[in-house]
Amino acid sequence: MQKNESKLAINKLLAVCRQQFEPKYGRLEKLESSRDNVVLANKINGVVLRIGLNKSITDTKNEVTLLKYMADRGFPCAKVLGMDTITYIKKVLAVTVFENISNDAHVVSLSTNSKAELLGAAATLAKLHNITLDFCRINSFVQQRNLDDPLIQFEKCLLTKRHNTSNYTEIARATNWVNRFWKKHKYTAKPNVIIHNDYRPQNVFFDQSNVVKAVIDFDWAIQSCHPEKDIAHAALEWSMTDGAKVLDWGRFKLFCKTYANVINRDIGVNMNDIVGWAKFAAFIDAVHYFNCYPERTAVRFESYMYDKYTYLTKVHNGT
Ligand SMILES: Nc1ncnc2c1ncn2[C@@H]1O[C@H](COP(=O)(O)OP(=O)(O)O)[C@@H](O)[C@H]1O
Ligand SMILES: [Mg+2]
């Protein structure tokens, strides 16, 4: 979709949402719109409506069940106030209603965030894995999203690009590495936990004392026996800004160490190849972007996350 068309589509969706939800929640302002969600808020009533553009109703219901389970056990996440649906261009979209957590909370940027926030974020990620160990024993957290499909879809797309994109060979080599890495690690006897899959500074809110107030955006959360993917992805995102040329290894290691001090031993986290996992995570994220925007890869495959993959490849042995 062209930019103008997508803007038009979002505006139409906003109009439909306002018509349906303003009688109940009052005037709704657009907070954000991304390729996966449109987020609306009424700051006076303290409600946030999140409309999922790419996630089924069943998967969203499962996400809500998970969020309620975690909130009941004291995990800091935005309280779910309800769930609804909206029909837009013959498609039924899930709407999750959250409490607005941004009134007295803030996110931090890597240039300003202090050590305290990094430590809090790392410990909270371990808490997420600890709390959901039992959740996964009792429930089967079914989500259509998984770690395999984006790669499979991307490999199909890659075949059609071989004559046109300038860095095709390099990308094909990276895909090979990621496939080998995944084959080596995919099957393991470790228990499942919930991995967040997008644990970036933008998705962690802090209160005035810089304590984690709420983790948001469980859109990509899945059940997995690979918490290493989550730790590595998060440590990378908390130590390397998008567009940065180098990673802050002090922060990366501190993130992993803090996590390791809090994580339940039963989960059996293995930190031995955490940089390999960071490479894997960065490439999977880039692949998702390439899959979503095939038109942007016509000349060259480029993305911030692919740059991070390339950077890590230079410092990682065994590539
Ligand atoms: N419960 C909430 N309270 C306040 N702001 C929120 C809440 N949920 C989302 N937002 C805002 O909307 C943005 C996008 O929401 P998010 O759930 O991260 O979706 P995505 O990043 O997938 O588009 C967030 O970065 C945040 O600014
Ligand atoms: Mg987000």
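The values are calculated or read from the model by the stated rules, or taken from the named source; none is laboratory data. In this text, all values refer to a predicted model and were calculated from it rather than measured experimentally. Quick reminder, even Gly has a Cβ in these numbers, built from the backbone with ideal geometry, and neighbours come from all protein chains shown.
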Next item on the list: Go through region 209-237 residue by residue and tally those that are within 16 Å of ligand 1 (Cβ to nearest atom) and either in contact with a helix residue (DSSP H, G or I) (Cβ under 6 Å, 6 or more places away or on another chain) or outside any helix (DSSP H, G or I) (or both).
Entry: 11
Margin query: Being free of Cβ contacts under 8 Å to residues at least 40 places away in the same chain, out of contact with any strand residue (DSSP E or B) (no Cβ under 6 Å at 6 or more places or on another chain) and closer than 16 Å to Q144 by Cβ is the filter here; which residues of region 30-79 pass it?
Written below: N54, K61
Next item on the list: Look through D104, D84 and report the one residue that is in a loop (DSSP other than H, G, I, E, B), within 16 Å of ligand 1 (Cβ to nearest atom) and of a type in the set (D, E).
Entry: D104
Checklist line | Those residues of region 227-251 which are out of contact with any Cys (no Cβ under 7 Å at 6 or more places or on another chain) and within 17 Å of T124 (Cα to Cα), in sequence order | finding: P227, E228, K229, D230, A232, H233, A234, L236, E237, W238, S239, R251
Next item on the list: Pick out the one residue from N261, N270 that is in a loop (DSSP other than H, G, I, E, B) and either exposed (fewer than 15 other Cβ atoms within 10 Å of the Cβ) or in contact with a Leu (Cβ under 9 Å, 6 or more places away or on another chain) (or both).
Entry: N270
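From the list A221, A172, which one is in contact (Cβ under 8 Å) with a residue 24 or more places away in the chain and either of a type in the set (G, A, S) or in the same structural domain as F75 (by TED's automatic domain parsing) (or both)?
Testing whether each residue is in contact (Cβ under 8 Å) with a residue 24 or more places away in the chain and either of a type in the set (G, A, S) or in the same structural domain as F75 (by TED's automatic domain parsing) (or both) leaves just A221.
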Next item on the list: From K190, K183, grab the single residue that is surrounded by fewer than 21 Cβ atoms within 10 Å (Cβ to Cβ), touching a Gly at 6+ places or on another chain (Cβ under 7 Å) and farther than 18 Å from A116 by Cβ.
Entry: K190
Note to self: Let me spell it out: the conditions are (1) within 16 Å of ligand 1 (Cβ to nearest atom); (2) of a type outside the set (S, T, Y); (3) more than 24 Å from C136 (Cβ to Cβ); (4) out of contact with any Ser or Thr (no Cβ under 6 Å at 6 or more places or on another chain), and F75 meets all of them except one. Which number is the exception?
What the structure shows: (3)
